[in-house]
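All remarks here apply to the structure that follows.
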Amino acid sequence: MSDYDHLAELLRHPENPIVFMEMTAGGAPIGTIKMELFADVCPKTAENFRQFCTGEYRRDGVPVGYKNAQFHRVIQDFMIQGGDFVNGDGTGMTSIYGSKFRDESFELDHSEPGILSMANAGPDTNGCQFFITCAKCDFLDKKHVVFGRVLDGLLTVRKIENVPTGQNNKPKIPIVITQCGQLSCVHAVNTWAETSQILLIVHEMEFIVLLGEGAVGKTSVMVRYVENKFSTQHVSTLQASFLSKKLYVDGKTVDLDIWDTAGQEKFHALGPIYYRSSHGALLIYDITDVHSFEKVKMWVNELKRMLGDEVYLIIIGNKLDLERNRNVDKNEATEYARSIDAGYFETSAKDNIGVIQAFDHLVKGLIERANLSSLEGVEKMSHYGTRGRSDLLVTDDAAPDKKFCCFI
């Protein structure tokens, strides 16, 4: 069954169009969002969005629409907002019908995450801007026109939802729609390019994941590595956040894009979604917590089951500053790492011990592996991809719920 056929089975109406958006964060591919447009309820609104996705709408012969537009406003537990290809800051407005068009229907509600709805400046001011909900937002019902939903790619929405933001909830890194179009049973409708006979533009990528139980200090290790900071206050991670670091390794530039996501027990079921494309992993435990060490073994088994023996592994015993309270024998941990052909480091994010060495060892190991594969004629992308980039995914425990009171 093709990708389109699978998605078509999920449609609320068989004639509704399916569109897609390929997303990057800071230049790194983070996934594709595939959406059903409710043309059966809001045909005019759906057509406006569809043409901005495909590039069919033109001005002076030039395609106009969402390609290379950014998500300019992101609020956790609420929504992600984009589509302003006019000004790029939420002030631009245009449509295929003119500068704006009327509210078409309020039949559908903002009932769950993944709802696609029109942003506006009041009644009957629909244009090019839209938002995707990250939670139930019933307070927006009858005020904003719901015209679609995410069929596949809610994980990508979650990644965008959790990027760091600054003033006016603007992401601190560019969240860009690098490609978009419409899916059909034969090909992708995409007039941005001269020809398109594929469903999606596929981005090859090597990913590195950082795994472990909650409260072992994964986020602290990440922040120490990227920003050389440490906070004595433990702040649990809510779903995902993003940091990046530029490295120069053996004369090569490597941009590490680091995802910090929730790692509590209820999140484990989502683990394979994140690490199934990974080629390397750092697995962290707390040297004062035997349970966290045993959980590392679980993660190793899961990674090997999903990715095979080729995944590059490093085990990290964190909180070396609490050596006096050690409950995990270093020799035992080292021997276990050796038994699974993994590297082993002990670190203290608090005292900045071993963190840089652990990350650098993994990066260099993956570069060496990529170079070896190239010499052997293996057809694969290098560790840094065509843009010299790799992604790190960090898992941590969940933070307390946060409530936002904002308007679109």
Residues within the stretch 101-118 that are under 10 Å from VAL145 (Cβ atoms) and among the charged types (D, E, K, R), tallied | 4
Have a look at ARG102, ARG73, ARG50, ARG59 and point out the one that is in contact with an Asp or Glu (Cβ under 6 Å, 6 or more places away or on another chain) and more than 10 Å from CYS128 (Cβ to Cβ).
-> ARG102
Using beta carbons and a limit of 6 Å, which pairs, at least six apart or on different chains, have the first residue in the stretch 167-192 and in a strand (DSSP E or B) and the second one surrounded by fewer than 18 Cβ atoms within 10 Å (Cβ to Cβ) and modelled with pLDDT of 90 or more?
-> PRO171/THR165
Tell me, yes or no, whether the stretch 47-60 has at least one residue that is under 19 Å from ASN120 (Cβ atoms), out of contact with any Cys (no Cβ under 9 Å at 6 or more places or on another chain) and part of a loop (DSSP other than H, G, I, E, B).
-> no
Counting just the residues of the stretch 128-147 that are part of a strand (DSSP E or B) and either of a type in the set (Phe, Trp, Tyr) or at positive phi (or both), which one comes out surrounded by the fewest Cβ atoms within 10 Å (Cβ to Cβ)?
-> PHE131
Give the residue, chosen from ASN301, ASN331, ASN325, that is of a type in the set (S, T, N, Q), in contact with a Ser or Thr (Cβ under 7 Å, 6 or more places away or on another chain) and surrounded by fewer than 18 Cβ atoms within 10 Å (Cβ to Cβ).
-> ASN325
If you check every pair at least six apart or on different chains, which have Cβ atoms under 6 Å apart with a residue in the stretch 360-371 that is at pLDDT 80 or above first and a residue that is part of a helix (DSSP H, G or I) second?
-> none
Looking at the stretch 22-36, is at least one residue crowded, with 22+ Cβ neighbours inside 10 Å, part of a loop (DSSP other than H, G, I, E, B) and either at pLDDT below 95 or among the acidic types (Asp, Glu) (or both)?
-> no
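The values are calculated or read from the model by the stated rules, or taken from the named source; none is laboratory data. All of these numbers come straight from a predicted model, not from anything done at the bench. All Cβ positions, glycine included, derive from the backbone under ideal geometry; neighbour counts span all protein chains shown.
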